[in-house]
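For reference, the structure is listed below as structure tokens.
The values are calculated or read from the model by the stated rules, or taken from the named source; none is laboratory data. Please read these numbers as outputs of a predicted model, since none were measured by experiment. Don't worry about glycine lacking a Cβ; one is built from the backbone with ideal geometry, like all the others, and counts go over all protein chains shown.
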């Protein structure tokens, strides 16, 4: 068993706590760690933000506890209460997307995949790189092989689509993969570095297939590769790229014989016989592309395309043109106008807005487009375009509809997403002044439904922000970003939302300086950067928020921004600066008169500041003052009936008692907090309290 005060054990505890800040209990543990480190070091120590700094803090703690039995005991008791990664995760058995019924040839590629998957492990990752032009069936081949070899991977098959908005963000990709492995959002580490580590740990002892589809570069996939002996990774890309040590598997066009066999499987022998005269031209135009062949099968009886394929022409684009040519006018128009933006996964409502028709009209047209392979179904009534097909739709729209019609289609779609976002934000967080005002035609039954709508459309909302920025529609940019606040606050999604929030902050400075809108947008970006542990970037955004709220004369918003700067300092273990920020925020609140905006919220705002000041004083080791502040906050929350904030204050008080070794005094506070949270959905807070209780019992036992 590892000695708890060894350097390796101390490093492991610091790493575990640092990577666990995705939920409030994890952030509590981080603050507690910082206070204990300060106590052990005898001075303030900056919170580590990378592996090198973490090692330095671990070495400092190791040196100090070696010669001090009391400090060693304090560290040991704390370390025993740290939950290990994945302790709350649910077991999952991830699966690939469905395979195709008809699969032809590819025997050489299949054998190469078999060979790499069964290669004796020598320390180097088992990786195969499938590459071929779009429409050549590389993704289909990977999925087909994965299902055929399912027994080889008893722990499941992970799949990630690496194309589309946000797909180049390694953190977002790792978040998706960790969810497939069973980690709830509350246990996914905030930083990309910690996600890489957590992903590697979860794969270390598993026999599992990882398919990385539509990869774009070596840099994109390198953090996702693992040397775990039981993991086989299949990378799918259009062309091979340097920088990855992988077995290359080229996927060429189907030979004419195999192309005819696939077409026969798809269309049936009678259709092939009937189209005998035009069959050579069809096969030539399809160019051995399985996608083009599948698209051609339903239209074998259509008039043949007169123009022959040009040398080097793209069979996918040719297939899209052929299918488009046979569409009914209303379906063709929907196809063109919906394809003007790269919406990650749109539904009938979005398509209807693009085409300016009713949703009931759009739904069957989308199914028609999916049946002709001009759209791909993503599940739950949603669709997206292949990149080459969308490029064809966009070009067709420019040629057929013109700039004015295309611009109007995009504007209508963005307006629809704005209505959705504003309505959902107001329903999800009606008490917040950060949520944009105005009316929306959309209504939601409750907060949960509204928050779910924002989460479902999060990537489309980010794309809408991009579109609004391109159209120089600054008011829509601001309102869309403000509507993301409930999603940030209640559900995270920080890595997905970050690009949009950066646009919002730029827009604030350029078009809304010194306004409440600017203060809100900077505060939102500061919040997300803080949650992603990009603290150096978060600080100037928090200061900008305070500056703009002050300039706008919005005292409540100004106080909130200064308070947030203090909360950032708590994360950084900069206790005195945190306390000073909370004092400054209190002074700002003092300037709010009884008739001013925000006056009704003052008692609660002051109670929250008292709690925050108590946390800062605890970090400074001033426990008596900390208890006094925390008890004031506790009295307010008890009297107001706020169960969750009552439990938070009780937890802070209990941990302050534990810092002083007052285990008997801490225990009833913990038990009261457990009762207060009995009806709350606070699994991680409850787990944290149970851990604290175990510390109390463990510490008190030997003394009896």
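Values for this structure:
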item: Candidates 365, 369, 454, filtered to the one that is in contact with a strand residue (DSSP E or B) (Cβ under 9 Å, 6 or more places away or on another chain) and either assigned to a helix (DSSP H, G or I) or surrounded by fewer than 22 Cβ atoms within 10 Å (Cβ to Cβ) (or both); result: 369
item: Hey, residue 46 closer than 29 Å to residue 172 by Cα and either surrounded by fewer than 15 Cβ atoms within 10 Å (Cβ to Cβ) or out of contact with any strand residue (DSSP E or B) (no Cβ under 6 Å at 6 or more places or on another chain) (or both) or not; result: yes
item: Criterion: at pLDDT 85 or above, assigned to a helix (DSSP H, G or I) and either outside the structural domain of residue 493 (by TED's automatic domain parsing) or touching a helix residue (DSSP H, G or I) at 6+ places or on another chain (Cβ under 8 Å) (or both) - qualifying residue of 25, 9; result: 9
item: Residue in the range 330-351 that is on the phi > 0 side of the Ramachandran plot and either over 30 Å from the mean Cα position of the chain (by Cα) or not assigned by TED's automatic domain parsing to the domain that holds residue 287 (or both) present; result: no
item: Residue list for the range 359-376, filter: more than 21 Å from residue 344 (Cβ to Cβ) and in contact with a helix residue (DSSP H, G or I) (Cβ under 6 Å, 6 or more places away or on another chain); result: 368, 372
item: Leading residue by the ranking (modelled with the lowest pLDDT) among those in the range 297-321 that are over 13 Å from residue 396 (Cβ atoms) and assigned to a helix (DSSP H, G or I); result: 299
item: The range 497-523, subset surrounded by 24 or more Cβ atoms within 10 Å (Cβ to Cβ) and under 16 Å from the mean Cα position of the chain (by Cα), residue modelled with the lowest pLDDT; result: 497
item: Unique match (being at pLDDT 90 or above, outside any helix (DSSP H, G or I), touching a helix residue (DSSP H, G or I) at 6+ places or on another chain (Cβ under 9 Å) and closer than 21 Å to residue 528 by Cα) among 462, 422, 477, 435; result: 435
item: Cross-chain or 6+ apart pairs with Cβ under 8 Å, the range 176-196 first and without any contact (Cβ under 8 Å) to a residue 24 or more places away in the chain, then surrounded by fewer than 17 Cβ atoms within 10 Å (Cβ to Cβ); result: 179/185
item: Any pair with Cβ under 7 angstrom, 6 or more apart, that starts in the range 499-515 at a residue that is outside the structural domain of residue 170 (by TED's automatic domain parsing) and ends at one that is surrounded by fewer than 16 Cβ atoms within 10 Å (Cβ to Cβ) and part of a helix (DSSP H, G or I); result: 514/551
item: Per-region count, the range 530-551, residues buried (at least 22 other Cβ atoms within 10 Å of the Cβ) and at pLDDT 95 or above; result: 8
item: Within the range 593-704, helices (runs of 4 or more DSSP H) holding 3 or more residues that are under 24 Å from residue 79 (Cβ atoms), within 34 Å of the chain's Cα centre (by Cα) and modelled with pLDDT under 90; result: 683-700
item: Hits in the range 239-255 (condition: modelled with pLDDT of 90 or more and part of a loop (DSSP other than H, G, I, E, B)); result: 246, 251, 252, 253, 254, 255
